[in-house]
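Working notes, structure below.
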Amino acid sequence: MPVDAATMEPDARPRFRPSVPRPLREQPGLFAFLKAVRANPITTWLDEHFVEPVVAREGAMGRVTVVSDPALIRYLFVENAANYRKDDLQRRVLAPGLGNGLLTAEGEEWKLQRRTLAPIFSARHVLGFAAPMNEAGAKIGRRLARRDGTTVDVALETTRVTLDVLERTIFTEGLSSDPDALGRAITRFLESVGPVDPMDVFGVPAFVPRIGRLRARPAIRFFEEVVNALIERRRAQLDGGTAPSDLLTLLLQAQDPETGKGLSDFEVRANIVTFIAAGHETTANALTWALYCLSQDHDSRAHVEREVDSVQGDVFDADALPYTKAVMEETMRLFPPVPFMSRQAIAEDRIGRIKIPQGSLIMVAPYVLHRHRTLWDEPETFMPERFLPENRTAVQRFSYLPFGAGPRVCIGQSFSLQEAVIVLAHMIRRIRFTLPADHAPVTPLQRVTLRPEHGLRMRVEQRA
Ligand code: HEM
């Protein structure tokens, strides 16, 4: 007889296990592998990646070592981080659009930028951004409430709200006459860098044009023009003492604490583009997956609803919403917006018992690590309780890496977690989202980030 989940005791109810591509039993041939990498790289993980601490294999990209052992990851990202640079593949894919912003810079240039930019994302500044995040969250909540009874494109809505947050925090005075044009340009840019180009895999020199990349050129030029105009206007406002206090002002005023030197206009622009590119789709996808998981796990949804309903007024403090925050963290465990990170060994090394040849590629894949069968109880099950304050200490630091770790850890980590919690709270306060029965299967597709392969359309119902 079928089990009626609604009438079961909460603890006895089966919890939600999202469906994801099944890991492969064995390595496919080269052609099939490249085809799969281009179509959806997360379909190329092997069963052994989810059980072994280290898997080293020779492949199309030479020797690749996938590390999923927390102690060895700590070694790689912290203890011997100086021996592992961002690899050429990542730079080839991202650098054409991002210039030499913090995400793609290396060596001394990266060090200088990181020192200069770190204070901008201090706890004090991030807390200061809670107000514009609440404004953007309340706005999307109201907008969706007006769509009561209809079906909305959730991925589009979450992208809108994260762009809105970036616009309110980077440029208080607004971006341009047409903010949607910026949104479209960003989407076009990310779409064209999204699929991994086989020419990048094989290290074909950058001067050989990639078709996908050519399509991104107008979008990149559009960014440059809009942002250049804003920088020029803001410099004038700073001279006149009328500049608003936002990320753009902070960037223009930032100084390297060691040398007192500021950033050039070129570096400011590269970092604005970097913050937008690194910060909007990642956070939007985390929110999209969270809404999906909550629509499937009614106990968690009821818990979040109770938590946000208990707050008076329309302003949320992310630290006062532990369950909502746990939902975001658990969502990023199952669907890490950055599903893998890669590094290249500068000199030969050893990771545990494994030899790492000079120049070889090392991968740490949050998608694999977060579902690793030796590190998590019921790794495939959505259980936000793992991240409640009383259980949080049981989660090992190097088993959970949605934001990376070590010197190159995400600079926007607290910013985006605070944003996601506040925006989710506003959405859940006003709306109940349900997945239509005829929706295509909701499974992850890896582009630069991890998104639902067939999009996510959900029915919105205004809550009382
Ligand atoms: C849920 C949202 C986000 C996720 C999951 C995420 C994830 C990550 C990860 C995994 C890295 C490290 C990559 C590596 O080590 O190879 C990273 C780096 C970075 N992130 Fe984020 N990020 C998010 C939001 C943001 C936001 C909102 C911003 C900026 C406003 C941002 C800016 C950056 C920058 C500049 C770097 C490069 C840091 C460096 O190399 O020094 N990210 N992010």
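The residues of segment 453-464 that are over 27 Å from Glu307 (Cα atoms) and in contact (Cβ under 8 Å) with a residue 40 or more places away in the chain, listed by number, are Glu453, Gly455. On the basis of being at negative phi and in contact with a Lys or Arg (Cβ under 9 Å, 6 or more places away or on another chain), does Arg333 make the cut? Taking the combined requirement at face value, the residue satisfies it.
Which of the following residues is within 16 Å of the ligand (Cβ to nearest atom), in contact (Cβ under 8 Å) with a residue 60 or more places away in the chain and farther than 24 Å from Arg343 by Cα: Ile422, Ile431, Ile411? Answer to the selection: Ile422. One residue stands out among those in segment 366-382 that are surrounded by fewer than 22 Cβ atoms within 10 Å (Cβ to Cβ) and in contact with a helix residue (DSSP H, G or I) (Cβ under 7 Å, 6 or more places away or on another chain): the one that is farthest from Leu401 (Cα to Cα), which is Arg373.
Here is a yes/no grid of residues against (1) touching a strand residue (DSSP E or B) at 6+ places or on another chain (Cβ under 7 Å); (2) farther than 24 Å from Pro444 by Cα; (3) not acidic (Asp, Glu):
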residue	(1), (2), (3)
Ala278	no, no, yes
Glu281	no, no, no
Trp289	no, no, yes
Gln312	no, yes, yes
Val315	no, yes, yes
Ala318	no, yes, yes
Met332	no, no, yes
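Kindly evaluate Ala318 against the criterion of being within 16 Å of the ligand (Cβ to nearest atom), within 20 Å of Leu450 (Cβ to Cβ) and touching a residue at least 24 places away in the same chain (Cβ under 8 Å). No. Candidates Ala425, Ala420: the one that is under 18 Å from Thr162 (Cβ atoms) and touching a Phe, Trp or Tyr at 6+ places or on another chain (Cβ under 9 Å) is Ala425. The set of residues from segment 99-117 being more than 9 Å from the ligand (Cβ to nearest atom) and touching a residue at least 60 places away in the same chain (Cβ under 8 Å) comprises Gly99, Asn100, Leu112, Arg115, Thr116. Any residue at all in segment 364-373 that's modelled with pLDDT under 95 and more than 12 Å from the ligand (Cβ to nearest atom)? For segment 364-373, residues modelled with pLDDT under 95 and more than 12 Å from the ligand (Cβ to nearest atom): absent. Quick check on segment 251-276: of everything there that is outside any loop (DSSP other than H, G, I, E, B) and charged (D, E, K, R), which residue is nearest to the ligand (Cβ to nearest atom)? Among them, the one singled out is Glu267. Is segment 394-402 home to any residue that is assigned to a loop (DSSP other than H, G, I, E, B), within 8 Å of the ligand (Cβ to nearest atom) and either of a type in the set (Lys, Arg) or touching a Cys at 6+ places or on another chain (Cβ under 7 Å) (or both)? No: zero hits.
Against the criterion of being in contact with a Leu (Cβ under 9 Å, 6 or more places away or on another chain), closer than 18 Å to Pro70 by Cα and without any contact (Cβ under 8 Å) to a residue 40 or more places away in the chain, Pro366 qualifies. If the condition is being polar (S, T, N, Q), closer than 20 Å to Ser19 by Cβ and within 16 Å of the chain's Cα centre (by Cα), then segment 275-298 contributes Asn285, Thr288.
All but one of (1) within 16 Å of the ligand (Cβ to nearest atom); (2) modelled with pLDDT of 85 or more hold for Ala243; state the number of the condition that does not hold. Checking Ala243 against (1) within 16 Å of the ligand (Cβ to nearest atom); (2) modelled with pLDDT of 85 or more, the one that fails is (1).
Going by what's in this entry, would Phe387 be described as within 14 Å of the ligand (Cβ to nearest atom), at negative phi and of a type outside the set (Gly, Ala, Ser)? So Phe387 does not fit the description; no.
For segment 44-68, how many residues are of a type in the set (Val, Ile, Thr) and surrounded by fewer than 19 Cβ atoms within 10 Å (Cβ to Cβ)?
Adding up the residues that qualify gives 3.
Across segment 412-441, the number of residues qualifying as in contact with a Leu (Cβ under 6 Å, 6 or more places away or on another chain) and either surrounded by fewer than 21 Cβ atoms within 10 Å (Cβ to Cβ) or outside any helix (DSSP H, G or I) (or both) comes to 2.
The values are calculated or read from the model by the stated rules, or taken from the named source; none is laboratory data. Since we're looking at a predicted model, the values are computed, not measured. Using ideal geometry, Cβ is built from the backbone for each residue, glycine included, and neighbour counts are taken over all protein chains shown.
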